[in-house]
Amino acid sequence: MGFCGYVHLGVIFQQAQFARKSCVDGLLDSDRVATTGAVVSEVLIGFRRKDQADWVASRLRMTHYVEANWDDWQAAANLGRELAANGVKLPLTDLLVATLALRCQAWVYTTDPHFDVITELKRFHPDQPGG
């Protein structure tokens, strides 16, 4: 898998950020997005209305699903400890996404600045040449 899509879909759809929504739709349509359970739950929790959450869930269901295994959880904990030793604390979901993306050699599409501190992570930037 060459692309792991992690993007705060709730923010994009709720704030009507059409350029990003269009990019995400294109990635979904071209079968270039993967997600994991923690991301699905985090995104869906952000919706007040069930019908909106259900619509986004239907789009997320189209993605590849990356299951986190024991080694992934341990690697996420190790990454979290390393970053914390340098004064940086990241949420568990972000640590897990980074760990899975590194394992899959995938790109991460996110607006979350937490991922900036993980220098070995490949980031997808649709507004820059080459992603």
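The values are calculated or read from the model by the stated rules, or taken from the named source; none is laboratory data. Being a predicted model, the structure only gives us computed values, none of them experimental. Every residue, glycine among them, receives a Cβ derived from its backbone with ideal geometry; neighbour counts consider all protein chains shown.
Remarks
- Options Val40, Val56: the member that is within 24 Å of His125 (Cβ to Cβ), within 12 Å of the chain's Cα centre (by Cα), at pLDDT 85 or above and not in a loop (DSSP other than H, G, I, E, B): Val40
- Residue check: Trp73 meets all listed conditions (1) at pLDDT 95 or above; (2) under 14 Å from Val39 (Cβ atoms) but one, namely (2).
- Residue check for Gly131: touching a Phe, Trp or Tyr at 6+ places or on another chain (Cβ under 7 Å) and either at pLDDT 90 or above or under 22 Å from Ser22 (Cα atoms) (or both): yes
- Close pairs from region 100-120: first in contact (Cβ under 8 Å) with a residue 40 or more places away in the chain, partner in a loop (DSSP other than H, G, I, E, B) and of a type in the set (Val, Ile, Thr), Cβ under 7 Å, at least 6 apart: Leu100/Thr36; Leu100/Val66; Cys104/Val66; Tyr109/Val7; Thr110/Val7
- Check on Ala38, surrounded by 14 or more Cβ atoms within 10 Å (Cβ to Cβ), in contact (Cβ under 8 Å) with a residue 40 or more places away in the chain and touching a Cys at 6+ places or on another chain (Cβ under 8 Å): no
- The residues on offer are Ala84, Ala57, Ala77, Ala101, and the sole one that is of a type in the set (Gly, Ala, Ser) and touching a strand residue (DSSP E or B) at 6+ places or on another chain (Cβ under 6 Å) is Ala101.
- Scan of region 59-85 for residues that are more than 16 Å from Thr99 (Cα to Cα) and either free of Cβ contacts under 8 Å to residues at least 24 places away in the same chain or over 17 Å from the mean Cα position of the chain (by Cα) (or both), ordered by number: Arg61, Ala85
- Hey, Ala68 under 16 Å from Ala38 (Cα atoms) and assigned to a loop (DSSP other than H, G, I, E, B) or not: yes
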